[in-house]
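First comes the structure, then the notes that go with it.
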Number of protein chains: 2
Amino acid sequence: VAADNRKERLPAPLDTVLEDAVEILPEGGLSSRLEQAAREGRQLRLKLGIDPTAPVVHLGHAVLLRRLRAFQDAGHRVVLIIGDFTARIGDPSGRSQLRPLLDARTVAQNAAGYLEQATLILRDDPDHLEVRHNSEWLEMEAGELLSLLRLATVAQLLEREDFANRLAAGKPLSLLELVYPLLQAYDSVAVRADVEFGGTDQKFNLLLGREIQRAYGQPEQVIVTLPILTGTDGQRKMSKTFGNEIGLSEPPEEIYGKTMSIPDGLMEEYYRLLLGEDPPPLRPRDQKHELAYRIVAWLHGSEAAERAREHFERVVVRKEVPDEVPEAVVGAGTVNVPALLSEALGLSRSEVRRLIDQGGVAVDGRVLPPNCYELPSRELVDRTVRVGKRRFLRLRKAA
Amino acid sequence: VAADNRKERLPAPLDTVLEDAVEILPEGGLSSRLEQAAREGRQLRLKLGIDPTAPVVHLGHAVLLRRLRAFQDAGHRVVLIIGDFTARIGDPSGRSQLRPLLDARTVAQNAAGYLEQATLILRDDPDHLEVRHNSEWLEMEAGELLSLLRLATVAQLLEREDFANRLAAGKPLSLLELVYPLLQAYDSVAVRADVEFGGTDQKFNLLLGREIQRAYGQPEQVIVTLPILTGTDGQRKMSKTFGNEIGLSEPPEEIYGKTMSIPDGLMEEYYRLLLGEDPPPLRPRDQKHELAYRIVAWLHGSEAAERAREHFERVVVRKEVPDEVPEAVVGAGTVNVPALLSEALGLSRSEVRRLIDQGGVAVDGRVLPPNCYELPSRELVDRTVRVGKRRFLRLRKAA
């Protein structure tokens, strides 16, 4: 979370919100672009590209969204680009030949879900949020696309670290994948982006946007890189892939509980990047409660934050069963526990199996042993199952 | 010119004409494809892709064309593909950012010129020669093109030696260029090619054609690689780039004279690859006369060959001025010699300047000194200029 290499001063409150930007390029570019927009009486257009194949928005994204929101509040416009075209072309990562291409309907659903989560932070009035789909401009002719491919060299694209690493490791890297950054860069041309924000790991893509805009005779977007939020494991960047994420639309109790689970060492990073403040002078445990409360209040309001705190105190601290416990119905005979719990709680079966194996599932306080995936119905009916630390389920016999 | 790794036997006369094929893949594939076509009562489709940005067809191409002609004579069909789409997209080589894209008209002219030259060897009746343009199928949508790019990995394309070398040498290699082999490979899908011939340096592209056909669910083309003809310098492969080519539609005297200029060591290669015979048991000089005569006769008939031989004997051997010398008109005042000669003889000005600098231009037997590019009109009028060894021009005063 370093910002010492930045010399540019911006008008408040944008200055505060970009205090911890890692780089703003070109130097002085953002303030002059702001001045230019003010002179011309127009909004800045801030590009935000989203990938509708990964519809979970988490606190890692919130680092960016919070800063974009500040620009909206200052009168500017976020242009949210849904990568529907690229999603329909298929898996760009080459990680799986078998992963199915997303159909238009799934893409639309995912995009709607993304938007719903992102607007927990972003303003969503039409003056400040423009939603676009990249199929609008990427459904071009092959000839146009090939002209775009002339604008970048192979060496340049292989400078992207993940590409270079995968090539060096002999892992498959499809030609399509090499082309994706160019398509993203072209999005900047299509929406005439003034500014693009991204994590420091996005710098390559952001710079390519500038280059392609220049090739198309447009003013080059100012790019802003921001620190990448560490996940709840305290080890790796927050990502659904690593299972260390806190999703914006998770239940308030989950957000609260997960925040309480982060290592003490992340306190300053979370306070700075998510709330724009230093941690208050409290004991670590109280700092964390305050952080959890503030994050829930930010996303879901203070009433939800209040309830989440109470829930946490009762269930995790005092180990009581919460007041309200969801119910599920079990049939007769042998019951498949992972199937039952995954359906009732929205977890995957493999997550439930892992929890069982780790001793994280208990029936009326009795912990299930590893590999215990099937139980007779009578051992479940009228009992309360605890799944992980904070989830409960009351089981009833089918009528 | 090795063929010892080939085990396949084909019906005569195809067997003879492919005696010196370097590889036929898959092994046994060509004979079984021939049998299959015979069973189904259909022609084999032999793909021949041409690049309309390089409209000169030379003896290097004739190595392939001669063999394709044999297949035509056996009843099969050559599908000649004019790369008009790719030519319009621009310079695939990345060698020059400034080289202009070819417009549709130039492409059409070049393609017509290519066809005229190629049909000095190929039969051009519609049953045996199908002419196609790759714009017919490459004018697709960007999405289709991107799906094509999914079918190859970067590592695979960088196996092509020239790509790997240029990347390693830090020379620019555009992404477009990496895509070209895939477009060429897709041509095989579009024309449902049964067979594709190429020089040994084309093996990568030919194999990629098989792979892309497989991905599109088509039977894979049989590929035949042939030795690459050495140019008149005896050093490098024949190519317009190296200026060591003998063009099929050059004047018979030029073809004859250039053939007489090749090193003795190329005799066997030229006889085998161009005439399909061993050199006759004659002295080297007579072998070469015979070769030159046979090549001209093949391309332009025996009458032209007769005249070319006489011309060579008179002008080169006995150093006489030929009977018929073209004429050109010079104006008054100072005359720019490179401009005059380039226009009259169809050479480039830089070629003429080089010839002057090398002592290869003489006026009435007096050799012009290096850098002598301008002469007073009176020193030229009513004189005969010799340009190189075999070209003459008679100069007259403007009326």
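The values are calculated or read from the model by the stated rules, or taken from the named source; none is laboratory data. Everything quoted here is computed from the prediction, not taken from an experiment. Every residue, glycine as well, gets a Cβ built from its backbone with ideal geometry; the counts of neighbours run over all protein chains shown. Ligands, DNA and RNA are stripped out before the accessible areas are found, and what is left, the full protein with its side chains, is counted by its heavy atoms. Shrake-Rupley method; radii C 1.70, N 1.55, O 1.52, S 1.80 Å.
Structural remarks
- For the range A:52-90, residues shielded by at least 20 square angstrom of accessible area compared with the chain on its own, probe 1.4 Å: A:85, A:89
- For the protein assembly as shown, size of Cβ-based charge dipole, Lys and Arg +1, Asp and Glu -1, in debye: 740 debye
- Summary for residue B:280: label point 7 Å along Cα→Cβ; distances to the equivalent points in the other copies, ascending, 10.8 nm.
- With only Cα atoms counted, the range A:210-286 has Rg and Dmax values of 17.3, 55 Å.
- Rg over Rh for the range B:224-331 works out to 1.01, using Cα positions for both radii and the Kirkwood form for Rh.
- Average projection area in nm² (convex hull over Cα atoms of the range B:138-273, one quarter of hull surface): 10.7 nm²
- Residues in the protein assembly as shown average 46 Å² of solvent-accessible surface per residue, probe 1.4 Å, ligands and nucleic acids excluded.
- Interface burial in the range B:162-210 reaches 20 Å² or more for B:167, B:173, B:174, B:175, B:176, B:178, B:179, comparing the full protein assembly with the chain by itself; accessible area from heavy atoms with a 1.4 Å probe.
- Within the accessible area of the protein assembly as shown, the carbon and sulfur atoms contribute 48%, probe 1.4 Å, all protein chains present.
- Both numbers refer to the Cα atoms of the range A:204-249; Rg and Dmax are 16.0, 45 Å.
- Across the options B:168, B:359, B:145, the greatest Cα extent toward the positive end of the charge dipole of chain B (unit charges at beta carbon of Lys, Arg, Asp, Glu) belongs to B:359.
- Packing order of peptides A:57-67, B:367-377, highest average first: A:57-67, B:367-377 (average count of other Cβ atoms within 10 Å over each peptide's residues).
- Relative to the other identical copies, residue B:362 shows label-point distances of 11.1 nm, where the label point lies 7 Å from Cα along the Cβ direction and values run shortest first.
- Shielding of peptide A:136-142 by partners, expressed as the average count of other chain Cβ atoms within 10 Å per residue Cβ, is 5.
- MRE, 222 nm, helices only [DSSP H, n ≥ 4, -39500 (n - 2.57), over chain A, to nearest 500]: -12000 deg cm²/dmol
- The range A:350-399 versus the range B:16-42: alpha-carbon centroid distance in Å: 67 Å
- Rg/Rh ratio calculated on Cα atoms of the range B:95-218 (Kirkwood radius): 0.98
- Rh (Kirkwood; distinct C-alpha pairs) - chain A, Å: 23.5 Å
- Looking at the protein assembly as shown, the DSSP beta bridges with both ends there are about 45 percent antiparallel.
- Cα-based helix-to-principal-axis angle, B:104-118 vs chain B, degrees rounded to 10: 90 degrees
- Solvent-free Debye calculation, one equal scatterer per alpha-carbon of the range B:127-195: log10 I(q)/I(0) at 0.13, 0.14, 0.22 Å⁻¹ equals -0.48, -0.54, -1.02.
- Net charge dipole, chain B: roughly 920 debye, given to the nearest 20, about the Cα centre with Cβ charges of +1 for Lys and Arg and -1 for Asp and Glu.
- Mean projected area of the Cα convex hull of the protein assembly as shown, taken over all directions, amounts to 49.6 nm².
- In nanometers and ordered shortest first, the copy-to-copy spacing of the residue A:218 label point, defined 7 Å from Cα toward Cβ, is 3.7.
- Charging the Cβ of each Asp and Glu at -1 and of each Lys and Arg at +1, and nothing else, the dipole of the range B:111-266 about its Cα centre rounds to 640 debye.
- Ratio of Rg to Rh over the range A:259-399 (Cα coordinates, Kirkwood Rh, two decimals): 1.06
- Centroid-to-centroid separation of the range B:142-214 and the range B:225-277 [C-alpha atoms, Å]: 29 Å
- Chain B packed on chain A takes about 2500 Å² of accessible surface away from a 1.4 Å probe, both sides summed.
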